[in-house]
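Asker: Please find one structure pasted underneath; my questions will follow.
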Amino acid sequence: MKKYTLALALVALVPFVSASAYEYKQSRSGYYTTPTVKTSTYKRASTSRKTGGYGNVITNNFYYNQPVQSYTSRGVYKNTGYYNPGKKQSTTVKKSYSAQERKFFLANPFFQPLKGKVGSVTDLSYARNHFNFDMLNGTVYNIDPSSSTYLGTPVSGIVNPVVSGKANTSQFAVKEDLSYGLTDTLSLVLMAQYDKTKVEFNGWSDGTAGDSKSDSGLNVFGIGLQNRFVDTNEWIAMAEFFYQHQKDAANTFMGAVKAGYKVNRATIYGIGRISYSNLIKGDTYGIYVDNSTGDYLMLSYKTDIKNILQVEGGIGAFAVLNKYFTLNGEMMYGHYDWHNQLNIKGAIGWQPADSFALNLYASTSLYDSAKGKIRQYMNNDINPTAYPKVNDVEQFTDSKHLYTIGDYKIKDYNEWKIGVQAILYF
């Protein structure tokens, strides 16, 4: 018999989370010198100019707090007021400065820590996947060695009437990303995830009771690098590479590139991601529920496979509203090995302090090609109470172990996720 592995689609679809940091500094800028003073040759001239005020400016997603107070005096002939060609004109210039606060927002998708600094992103999320399905057909095998018909001719047929059901997968996860700045543009990222996942089969049209299975633990570990290789007044770009281990499921290598164009308060950017996974156990993945008796039902997404390839690309925008709040939105289209999906994600960030921010986000699928697809299911039945029939005659009635393989059809498919990120920089 084959072994089956639970490689949850919810985990596979979680977007790359970049460990974040920020740059903040108090600087002195605006070094001014006054141009040469031109005065009348017939009279004394004395002028003074005082400037002051307070201006908040947001440029390229940086917040600038600019209190400006400068005073420039222009002194000329200090005599009786008459032109005296024997004296030189004198000009005094007072140099002025403006104080400037520079703040980079923690929720920026291009964030990473500077050299020697540490960024922390703690992500709490809840995700849910749901689809309705129909059992179309099945082939029943008698695999009870003590049975008189052990390994006899399997019984195949159409499920009539069609049996319908519902599949639900929910996951609560706590993910921690820690990043350390190796240089100002290159950072090392470590990640770990605790999750609790519940799979349910219910809503059976034939009245069969529903069943569910839960699993929890530290199931994901990873390491990676981020490199912000472009950062100018107009352009910014970042490359990411990660290795991720999903316990008892898969080893995954992921790469991503983001590139953005800065427009005053916003950055418009594009994203491309690719991941390659190798299944650790077995050659089938999907959703699975078993119980203590050994019974199980698996709705597979793909069979006879060891390697999974996923590719996605899309666009996004990050905007600064004011000193404390930011908005972020993304639309992605991806090929996720066995189905394609279009999804959107929105986030609002709140940064009350220089080294702390909260980022609330939500995502949902807009379109999924899984609808209408026909996949394969597997059912293991210990001590069966129902048997297959041929011409209304039950078969394998002395068997204590039946195994069924058949096709099921996905009638609809949707998923969504909500979460909050607590971001620190130290």
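Asker: Among Y276, G203, V257, which residue has its Cα furthest toward the positive end of the charge dipole of segment 188-291, with +1 on Lys/Arg Cβ and -1 on Asp/Glu Cβ?
Answerer: Value computed over the given set: V257.
Asker: Please report the accessible area of F325 (heavy atoms, 1.4 Å probe, ligands and nucleic acids excluded) in Å², nearest 10.
Answerer: The accessible area comes out at roughly 80 Å².
Asker: Moving to a separate point now. Between F426 and I344, how many nm apart are label points set 7 Å from Cα along the C-beta direction?
Answerer: According to this spin-label approximation, the distance is 3.8 nm.
Asker: Under a Cβ-Cβ cut-off of 12 Å, what is the net charge of the residues other than L424 that fall near it, where Lys and Arg count +1 and Asp and Glu count -1?
Answerer: That sum, taken over residues with Cβ under 12 Å, equals -2.
Asker: May I pose another question? Counting Lys and Arg as +1 and Asp and Glu as -1, what is the net charge of the other residues whose Cβ lies under 12 Å from the Cβ of G372?
Answerer: On the way: positive: K371, K373, R375, K409, K411; negative: D134, D368, D412.
Computed value for this residue: +2.
Asker: Another one. What do you reckon, how do W416, W235 stack up by accessible area (1.4 Å probe), largest on top?
Answerer: The ordering from most to least exposed comes out as W235, W416.
Asker: Only Lys, Arg, Asp and Glu count, each charged at its Cβ (+1, +1, -1, -1), so figure out the dipole size of segment 281-355 about its Cα centre, rounded to 20 debye.
Answerer: 240
Asker: Let me ask something else. Given the pairs K213/K389; K213/K371; K166/K400; K213/K345; K247/K306, which are separated by over 21 angstrom at their Cα positions?
Answerer: Too far apart for the 21 Å limit: K213/K389; K213/K371; K166/K400; K213/K345.
Asker: For segment 128-172, give the percent of accessible area contributed by carbon and sulfur heavy atoms, probe 1.4 Å, rounded to a whole number.
Answerer: Answer for segment 128-172: carbon and sulfur cover 57 percent of the accessible area.
Asker: Residues of segment 225-242 with the amide nitrogen closer than 12 Å to a label point 7 Å from the Cα of Y261, along Cα-to-Cβ, please.
Answerer: Inside the label zone: 234-236.
Asker: About its Cα centre, how strong a charge dipole does segment 106-191 have in debye, to the nearest 20, once Lys and Arg get +1 and Asp and Glu get -1 at the Cβ?
Answerer: Charge dipole, segment 106-191, about its Cα centre: 180 debye, nearest 20.
Asker: Once neighbouring chains are kept in place and the probe is 1.4 Å, which whole percent of the accessible area of segment 301-396 is contributed by carbon and sulfur?
Answerer: Answer for segment 301-396 is 57 percent, counting heavy atoms of protein chains only.
Asker: Using the structure shown, list the pairs from K115/K258; K198/K281; K175/K411 with a Cα-Cα distance above 24 Å, or answer none.
Answerer: K175/K411
Asker: So how far apart, in nm, are the two label points at W204 and F241 if each is 7 Å from Cα heading toward Cβ?
Answerer: Spacing of the two 7 Å Cα→Cβ label points: 5.0 nm.
Asker: To the nearest 0.05, what FRET efficiency results for A362 and N137 with a Förster distance of 56 Å applied to their C-beta separation?
Answerer: E(calc), rounded to 0.05, equals 0.90.
Asker: Run the simple label-point estimate for E234 and N322 please: 7 Å along Cα→C-beta, distance reported in nm.
Answerer: Simple spin-label model gives 3.2 nm for this pair.
Asker: If packing is taken as the average count of other Cβ atoms within 10 Å, what order do 148-156, 375-383, 254-262 fall into, highest mean first?
Answerer: Result, highest mean Cβ count within 10 Å first: 254-262, 375-383, 148-156.
The values are calculated or read from the model by the stated rules, or taken from the named source; none is laboratory data. This one's a predicted model, so the numbers in the text were calculated from it and none came from an experiment. Note that we place each Cβ from the backbone using ideal geometry, even for glycine, and neighbour counts take in every protein chain shown. In case anyone asks, the SASA skips ligands and DNA or RNA and just uses the protein heavy atoms, side chains included. Shrake-Rupley method; radii C 1.70, N 1.55, O 1.52, S 1.80 Å.
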